[in-house]
Structures are given as C-alpha cells and as structure tokens.
Amino acid sequence: MTNHSAEQASGSGLYQSQRARMIDLLRTRGIRDAQVLKAMSEIPRHLFVPEALASKAYGDHALPIGDMQTISQPYMVARMTELAQVDKDSTVLEIGAGSGYQTAVLSAVAGRVFSIERISDLARSAQKNIRQLGCYNATVKWFDGTIGWSDHAPYDAILVAAGSPEVPEPLVTQLAVGGRLVIPIGDAEHQTLVRIIKTERGVVRENHEACVFVKLIGRYGWPS
Ligand code: SAH
C-alpha cells in the first residue's frame with residue numbers, strides 16, 4: 001500500500017464510480033443493511049489489494065493478497081456483516097483479518113473491533129491499512145484465532161472469514177447471550193455460511209447460503 005498515491009487514497013472519480021456500481025450490485029444481490037452499504041460505498045477497497053490488481057478491486061470476486069490468501073468477495077463481506085447485526089454499541093471479534101478490508105467495514109458499523117490473523121505479514125499490513133484510513137476503534141493481532149480472544153469477551157458478534165470443519169467451541173463460549181457468530185462451515189472446498197445465535201437456553205443454528213473460503217487453520221479448525 002505504501003506506493004499508492006494520495007489521489008488514490010482519497011478515491012479518485014474512477015474508483016468512486018466503480019464503488020457506486022459495486023453498491024448497486026450488492027443491492028441487486030439482496031443486501032439491505034443501510035449501514036453496511038454506506039460503509040462499503042465509502043471504504044476504498046482498492047487500497048486493500050496489491051497495486052497491480054487495483055483496477056479489479058470493485059468486481060464482485062475474491063482477489064489474491066499474497067501468502068496464498070484472498071481478500072473476500074464484496075458480497076460475502078456485506079452478507080456476513082449484515083448477518084452479524086452490529087451497531088455502534090457492539091464489540092466485535094473478527095478471525096482472519098487478511099487484507100483488513102472486512103475489519104475496516106466492521107470498524108465503520110461497530111463500536112470496537114478486535115481482529116486476529118494467523119499470518120504475521122498479513123496481520124501487520126492489515127493493521128497498517130486500517131490505520132492509514134483512520135480506523136482507530138479496530139486492532140489486529142497475530143495469533144491463532146480459533147481460540148478466540150478472551151481478554152475482550154464477551155462479544156456481541158464474532159465473524160470468521162475462513163472455512164472451518166466445525167464451530168470452534170471457544171468462540172461460542174466468548175459470545176455474549178444474544179450474540180451472533182457468523183462462520184463458514186464445511187469441507188476444504190465448499191462451505192455453508194452458518195449463523196449461531198447464543199440464547200439463555202443454548203444456541204440456535206441457522207444455515208444460510210453456500211460459500212467458498214480459504215481454510216481456518218488452528219487448534220479448533222483445520223490442522224493444516
Ligand atoms: N476478510 C479478509 C479475508 C481474508 S482470507 C479480507 O477480506 O481480506 C482469510 C484469512 O484468515 C487469511 O488471511 C488467513 O490467514 C486467516 N486465517 C486462517 N486461519 C486463521 C486462524 N486460525 N486465526 C486467524 N486467522 C486465520
């Protein structure tokens with residue numbers, strides 16, 4: 001990101017119109033949450049991808065960000081944030097910061113965001129990316145997110161941006177009563193977007209759409 005010009009950072013006309021088209025597409029695909037759409041209409045996604053891919057940043061697809069990882073497809077970022085139902089009073093845990101784009105979106109709609117990334121280079125650049133955009137209510141740390149981050153629990157929402165064979169138990173433990181956990185569950189190639197809602201009497205599990213994410217690797221995810 002260091003090589004991007006100030007003009008790109010402020011969002012030149014070209015990027016602004018591409019972003020507006022992306023928002024129209026998200027609406028067409030069924031995203032309704034006004035706060036999520038507003039955040040995504042303002043955050044410069046092209047600054048979260050390698051410079052050579054900046055012209056592709058507003059297409060509705062994942063893109064490589066190095067270390068064999070990807071920035072999630074805009075629709076999935078929007079859908080997961082919508083399912084997490086956060087507002088300015090929410091404390092949110094994110095697992096899999098990647099580029100930091102989803103972190104920036106969460107930071108715009110939530111109160112506080114704690115994000116974990118297992119690859120140190122990505123954790124560092126995600127933290128740098130969000131700070132450059134002035135997100136001061138979000139922090140990215142480098143460790144295995146499948147164990148959660150107990151220091152700041154309980155969380156009103158937990159969003160996992162990588163696919164897991166099952167729901168990591170520590171994340172359910174660290175969810176507040178009434179809290180939402182949004183996580184892709186399935187095999188390495190195909191998952192279903194699952195929302196867990198914690199209630200006084202246990203958890204309610206909802207299955208949403210099919211999705212494809214990179215693997216959640218860690219103690220309560222995939223072994224490698
Ligand atoms: N929302 C991010 C998506 C990144 S892809 C974006 O839009 O840029 C998923 C990320 O999850 C990868 O960067 C991967 O390294 C990370 N990841 C996988 N397993 C993890 C774990 N156990 N803890 C933290 N991060 C993990």
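Some observations on this one:
- Scanning the range 29-40 turns up at least one residue that is open to solvent by less than 10 Å² (accessible area, probe 1.4 Å), more than 22 Å from L175 (Cα to Cα) and within 14 Å of the ligand (Cβ to nearest atom).
- Within the range 127-158, the residues that satisfy the criterion of being in contact (Cβ under 8 Å) with a residue 60 or more places away in the chain, of a type in the set (S, T, N, Q) and buried (at least 21 other Cβ atoms within 10 Å of the Cβ) are N129, T146.
- The single condition among (1) over 16 Å from the mean Cα position of the chain (by Cα); (2) away from the ligand (no atom under 12 Å from the Cβ); (3) exposed (fewer than 15 other Cβ atoms within 10 Å of the Cβ) that A54 does not satisfy is (3).
- Filtered residues of the range 175-196 (kept if open to solvent by 40 Å² or more (accessible area, probe 1.4 Å), touching a strand residue (DSSP E or B) at 6+ places or on another chain (Cβ under 7 Å) and either closer than 21 Å to G145 by Cβ or in a loop (DSSP other than H, G, I, E, B) (or both)): H190, T192
- Taking the criterion of being near the ligand (Cβ under 10 Å from one of its atoms) and of a type in the set (A, V, I, L, M), the residues of the range 73-103 that qualify are M76, V77, M80, I95, A97.
- Note on the range 159-173: among residues that are open to solvent by 20 Å² or more (accessible area, probe 1.4 Å) and not in a helix (DSSP H, G or I), the one that is nearest to I197 (Cα to Cα) is V167.
- You will find that of V204, V194, V172, V177, the residue that is within 19 Å of P74 (Cα to Cα), more than 12 Å from the ligand (Cβ to nearest atom) and out of contact with any helix residue (DSSP H, G or I) (no Cβ under 9 Å at 6 or more places or on another chain) is V194 and no other.
The values are calculated or read from the model by the stated rules, or taken from the named source; none is laboratory data. Everything numeric here is computed off the predicted structure, so don't read it as measured data. Here Cβ is always computed from backbone atoms with ideal geometry, including for glycine, and neighbour counts include all displayed protein chains. Surface areas here come from the heavy atoms of the whole protein model, side chains and all, with no ligands, DNA or RNA. Shrake-Rupley method; radii C 1.70, N 1.55, O 1.52, S 1.80 Å.
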